[in-house]
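Chemist: Got a structure for you, questions after.
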Amino acid sequence: MEPQEEFGLVDYARILWRRKVTILIVMVIAVAATVGVDAVRTKKYSGTARLLFVSQTYSTGAVTPLSPTDIATDIGLVQSSTVQSIVAKSLRAVPPNVSVEEQGTTEIATVSVTSTSPAFAAKAANAYANGYIQASQQRFLAGSQAAEKQLQSQIDALQNQINGLQNQIN
């Protein structure tokens, strides 16, 4: 058996030099294929908006820190059918899918929409943010009106008791 000869760096360089045309052709084909695929691929653009989630209490109107459950609820509201219908009216189109992510452990969330049009992506992301704000305002207003109605019924009941007692006194 004949001992195998070890190749050195110079030997590898010679092999590459002899195959330089083949290597060059393969590289040109690879670059051309990459450019071709990139040219026909549909471009995707992302539009983003940021929301600050806050809690409002009915009794004082004060802002209090949110729990993780509150934030998850608000994220769900951004993605809800209620907000989607507001977005559809705003865009006058079928609302695109939306992605909502909380920023770390803050009360800030990023709303993202992807589209083939950069202008539409930005408009849709802003429409989702505005839709969430509008839906939140409606929800807060409905809660306030329900609380007001309940308090008014208690006031009416107390007023009837007062009137009844005054009639007994007179």
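The values are calculated or read from the model by the stated rules, or taken from the named source; none is laboratory data. Just so it is clear, the model here is predicted, and its values are computed rather than measured. Cβ placement follows ideal geometry from the backbone for every residue including glycine, while neighbour counts extend to all protein chains displayed. For accessibility, only protein heavy atoms count, side chains too; no ligands or nucleic acids. Shrake-Rupley method; radii C 1.70, N 1.55, O 1.52, S 1.80 Å.
Yes/no per residue for (1) at pLDDT below 95; (2) aromatic (F, W, Y); (3) over 26 Å from A142 (Cβ atoms):
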position: M1; (1), (2), (3): yes, no, yes
position: G8; (1), (2), (3): yes, no, yes
position: R14; (1), (2), (3): yes, no, yes
position: I25; (1), (2), (3): no, no, yes
position: A30; (1), (2), (3): no, no, yes
position: T42; (1), (2), (3): yes, no, yes
position: V54; (1), (2), (3): yes, no, no
position: L66; (1), (2), (3): yes, no, no
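Chemist: Just name the residue that is nearest to S112 (Cα to Cα) out of those in segment 80-96 that are open to solvent by less than 60 Å² (accessible area, probe 1.4 Å) and within 14 Å of the chain's Cα centre (by Cα).
Modeler: P96
The rows are residues; the columns are (1) within 16 Å of the chain's Cα centre (by Cα); (2) among the polar types (S, T, N, Q); (3) under 20 Å from S67 (Cα atoms).
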position	(1), (2), (3)
V100	yes, no, yes
I108	yes, no, yes
T114	yes, yes, no
S117	no, yes, no
K123	yes, no, no
G143	no, no, yes
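Chemist: For segment 97-114, give me the residue count where each residue is among the small types (G, A, S), under 16 Å from Y45 (Cβ atoms) and open to solvent by less than 20 Å² (accessible area, probe 1.4 Å).
Modeler: Selection size over segment 97-114: 0.
Chemist: Also, I was wondering about something else. Hey, among S136, S153, S144, which residue is touching a residue at least 40 places away in the same chain (Cβ under 8 Å), in a helix (DSSP H, G or I), exposed (fewer than 15 other Cβ atoms within 10 Å of the Cβ) and polar (S, T, N, Q)?
Modeler: Residue meeting the stated conditions: S144.
Chemist: Then there is this: Go through (1) surrounded by 10 or more Cβ atoms within 10 Å (Cβ to Cβ); (2) assigned to a helix (DSSP H, G or I) and name the single condition Q166 misses.
Modeler: (1)
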